[in-house]
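Beneath this line is the structure, given in structure tokens, with notes to follow.
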Amino acid sequence: ALPLALPVFGGGSVDLAALRGRVVVVDFWATWCGPCRRALPQLQTLAEEMAREPVTIVTVNTKEPPQPGRDAKITAVIKDASLTVPVALDEDGAVAKAWGVSGIPATFIVGKDGRIWSSHVGAGPDYLDRLREEVLAALAAP
């Protein structure tokens, strides 16, 4: 299982190890990435659809170290996408690197056993439908 223990923008933290037994969708993104920004509202929709299921969605802002204006940019994206899902901060990109992220958005579905069930780079027109199908399949798996 890959490590993911990060602070959350606005306070708190997220640790993948504590979510074992749940299906977790992890999406790596950055404020300067247009396709990432288009994917985020779809992840929020998925979170709302799966609210009654043992599913957690975590978005990970990556490679945006603290600098003037960064927090305002992240806040603007959260507002644009009406995000209530957590935005974890991978400021130095170390977690993205450990997960083998080469392009963003990079979206991973982690099974209940903590192992990666599937992954995607980019977010095409069928992004939400594909994620929904895979999350349901991962939920159904023993």
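The values are calculated or read from the model by the stated rules, or taken from the named source; none is laboratory data. Bear in mind that the values here come from a model prediction, so they are computed numbers and not experimental data. Cβ: placed from backbone, ideal geometry, glycine included. Neighbour counts: every protein chain shown. Quick note on the areas: whole protein, heavy atoms, side chains included, nothing else; ligands and nucleic acids left out. Shrake-Rupley method; radii C 1.70, N 1.55, O 1.52, S 1.80 Å.
Listing for the model above:
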item	result
Separation of the Arg132 and Cys33 label points, Cα + 7 Å toward Cβ, nm	2.4 nm
At 1.567 mPa s and 4 °C, Stokes diffusion of the chain via Kirkwood alpha-carbon radius, µm² per second	87 µm²/s
With every protein chain in place, the chain: carbon and sulfur % of accessible area (1.4 Å)	54 percent
Per-bin percent of Cα-Cα distances, the stretch 81-142 [5 Å]	4, 15, 21, 24, 23, 11, 2, 0
Surface accessible to a 1.4 Å probe, per residue, for the residues of the chain, Å²	50 Å²
Simple spin-label estimate for Glu53 and Ala140 in nanometres, 7 Å along Cα-Cβ	1.0 nm
Beta bridges by DSSP in the chain, antiparallel share as percent, to the nearest 5	55 percent
Computed [θ] at 222 nm, helices only, for the chain once each DSSP H run of length n ≥ 4 contributes -39500 (n - 2.57)	-10000 deg cm²/dmol
Separation of the Asp92 and Asp71 label points, Cα + 7 Å toward Cβ, nm	2.1 nm
